[in-house]
């Protein structure tokens, strides 16, 4: 089974990260352990203080696929 690499322009916003975590039934601490990051990082992502970048975006996308979580991590559309 081959995985298509996520588009480099994909992004995860606060709501989608929290929804993924809740879909998986994990606490922020459990999610941080799964991703190999700090609990504070998950909290900062979920409150919108920071957005995940680079490898974190890819990990979130892989975890979401494995959890069969339907998400749209594409960049927001410009409002005209």
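Observations, loosely collected:
- Taking the numbered list (1) in a helix (DSSP H, G or I); (2) modelled with pLDDT under 95 in turn, residue 63 passes all entries but (2).
- Among (1) in contact (Cβ under 8 Å) with a residue 40 or more places away in the chain; (2) within 11 Å of the chain's Cα centre (by Cα) - the single one residue 35 does not satisfy: (1)
- Qualifying residues in the range 38-59 (those that are outside any helix (DSSP H, G or I) and either modelled with pLDDT under 95 or under 10 Å from the mean Cα position of the chain (by Cα) (or both)) - the one surrounded by the most Cβ atoms within 10 Å (Cβ to Cβ): 52
The values are calculated or read from the model by the stated rules, or taken from the named source; none is laboratory data. Keep in mind that what you see is a predicted model, and the values were worked out from it rather than measured. Note: ideal-geometry Cβ built from the backbone for every residue, glycine included; neighbour counts use all protein chains shown.
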